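Working notes for the structure below.
Values quoted throughout were computed directly from the atomic coordinates according to the rules given, and no laboratory measurement underlies them. Just so it is clear, the model here is predicted, and its values are computed rather than measured. Cβ placement follows ideal geometry from the backbone for every residue including glycine, while neighbour counts extend to all protein chains displayed.
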Amino acid sequence: MIEYFTYLMYVSCWRLLRALPKSAAYRLGDVIADLTRLRNGKSIRRLHSNLLRVKPEYDKDQMANLLKKSMRSHLRYWIDTFRFTDWDKNHILDSAETINDKYFFDALASGKGLIVSLPHAGNWDHAGAYFCAQGISLTTVVEHVKPERLFRRFLQHREKMGMEALDLNSRVTAILAQRLRSGKLVALVADRDLSKSGVTVNFFDGIARMPGGPAALALQTGAALVTAFVSYTPTGIRIEFEKPIELPTHGSKDEMIQGVTQICADRFAANITRYPQDWHMLQRIWVDGDFVEWTS
């Protein structure tokens with residue numbers, strides 16, 4: 001019964017936010033974000049705790065303002081998601097800008113495959129759709145959420161964007177490796193471990209676990225590994241790339257995966273520090289303690 005109402009809630013929001021005029025839909029998103037924040041449920045407390053890790057120097061007023069902006073950014077992502085099927089190709093392309101995309105296109109042109117690793121920031125789906133709209137084949141992996149009907153709907157949603165969306169399961173690594181060996185693009189959101197067996201990294205002076213998949217695939221296939229960060233602009237998104245990570249040639253497999261994953265974590269942290277309001281992390285990511293509280 002709970003799963004049915006969850007599905008019904010999402011579908012109702014999907015229909016309502018598509019039907020509303022653009023300005024009304026995004027204003028409603030701000031209202032929902034503010035009300036959710038004021039209720040201070042577990043996900044808000046988790047986001048607050050995570051942001052305190054990122055900006056420990058903030059006082060209470062600064063943190064309250066950041067939390068407000070972060071929740072509004074998070075709801076903006078969902079409204080984008082619900083309204084995306086009404087966007088045409090020109091809107092997808094015109095509402096995105098890129099920085100250092102030479103790293104992306106040069107690596108893709110090599111024909112050896114390209115892995116883009118990025119955190120849950122801005123609208124990563126919009127970023128993927130931007131490259132799909134240019135005729136680039138993109139494969140990604142999606143978390144298997146419940147209920148099943150909702151998962152299938154989100155899967156179809158990404159497929160409509162032009163992506164090949166794979167369910168996270170035991171066969172996904174082999175399929176991703178196959179795509180990379182064919183010279184294609186694989187994009188992986190990789191700042192939160194879903195397998196419970198991720199790689200331990202230092203992240204904002206704490207111990208976190210992140211997926212080792214991007215590093216392992218790069219080492220296995222020889223594909224380039226590029227990190228990216230997506231942030232919001234007033235009219236769309238900004239996608240910023242960093243140069244391909246130089247893959248190690250010495251050490252054990254586990255050591256090499258850990259080293260590359262740490263580089264990804266360091267790059268994620270640097271960009272999250274710049275755009276903390278656009279990092280949508282309402283789940284636990286650190287393992288060296290539970291909620292962080294403001295103590296100044």
Give me P(r) over segment 106-156, computed from all C-alpha to C-alpha distances, binned every 10 Å, as integer percentages. 19, 45, 29, 7, 0
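Ranked from highest to lowest mean number of other Cβ atoms within 10 Å per residue, what is the order of the peptides 274-281, 93-100?
The densest-packed peptide leads the list: 274-281, 93-100.
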For segment 147-156, what does the Karplus curve 6.51 cos²θ - 1.76 cosθ + 1.60, with θ = phi - 60°, yield as ³J(HN,Hα) per residue in whole Hz, taken in order and with x for Gly and Pro? x, 4, 4, 5, 4, 4, 5, 5, 4, 5
Segment Asn100-Ile175, extension gain: residue separation times 0.36 nm, minus the distance between their alpha carbons: 24.1 nm
Filter Lys22/Lys160; Lys60/Lys196; Lys42/Lys69 down to the pairs with a C-alpha to C-alpha distance above 26 Å, please. Lys60/Lys196
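Mind ranking 117-128, 24-35, 42-53 by how tightly packed they are, going by the mean number of other C-beta atoms within 10 angstrom, highest first?
Values: 117-128: 25.4, 24-35: 15.6, 42-53: 18.2.
Descending mean neighbour count gives 117-128, 42-53, 24-35.
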Burial-style ranking of 135-144, 59-68, average other-beta-carbon count within 10 Å with highest first, yields 135-144, 59-68
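What full-extension length gain, to one decimal in nm, is calculated for Arg18 and Thr233 as 0.36 nm per residue of separation minus the Cα-Cα distance? All intermediate terms of the calculation are to be shown ahead of the outcome.
Values: separation 215, 0.36 × 215 = 77.40 nm, distance 2.13 nm.
Difference between extended and current length: 75.3 nm.
What is the sum of charges around Asp94, taking Lys and Arg as +1, Asp and Glu as -1, for the other residues whose C-beta is under 14 Å from the C-beta of Asp94? Present the calculation step by step, with values, prior to reporting the outcome.
Working: positive: Lys89, Arg238; negative: Asp88, Glu97.
Combined, the nearby Lys, Arg, Asp and Glu give 0.
In percent, how large is the relative contact order of segment 2-278, given Cα pairs closer than 8 Å and 6 or more residues apart? Write down the numbers at each step before the final one.
Values: 416 pairs, mean separation 64.0, N = 277.
That works out to 23 percent.
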Just report the Cα centroid separation between segment 203-264 and segment 63-101, whole Å. 23 Å
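For segment 92-235, what does the alpha-carbon gyration tensor say about shape, rounded, prolate or oblate, given a ≥ b ≥ c as the root eigenvalues, a/c under 1.5 as rounded, and a/b over b/c as prolate?
Working: a/c = 1.18, a/b = 1.09, b/c = 1.08.
Cα axes put segment 92-235 in the rounded bin.
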Of (1) 32, 23, 17; (2) 29, 25, 19; (3) 35, 24, 15, which is the value of semi-axes √(5λ) of the Cα gyration tensor in Å derived from the coordinates here? (2)
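Can you give the FRET efficiency for Leu28 and Gln134, using 1/(1 + (r/R0)^6), R0 = 51 Å, r = Cβ-Cβ distance, to the nearest 0.05?
Values: r = 32 Å, r/R0 = 0.62.
According to the calculation, E is roughly 0.95.
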Charge dipole (segment 2-278, unit charges on Cβ, about Cα centre) - positive-most of Thr139, Asn271, Pro21: Pro21
For segment 194-246, which chymotrypsin sites (Phe, Trp or Tyr not before Pro) are both in a DSSP coil and crowded by at most 11 other Cβ atoms within 10 Å? none
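List the trypsin sites (Lys or Arg not before Pro) within segment 184-256 that fall in a DSSP loop (any state other than H, G, I, E or B) and whose Cβ has at most 11 other Cβ atoms within 10 Å. Don't skip to the end; give the middle numbers.
Working: sites: Lys184, Arg192, Lys196, Arg209, Arg238, Lys253; in loops: Lys184, Arg192, Lys196.
Passing sites in segment 184-256 are Lys196.
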Between Glu255 and Ser110, what is the label-point separation in nm under the 7 Å Cα-to-beta-carbon projection? 2.4 nm
So how far apart, in nm, are the two label points at Lys42 and Asn202 if each is 7 Å from Cα heading toward Cβ? 3.2 nm
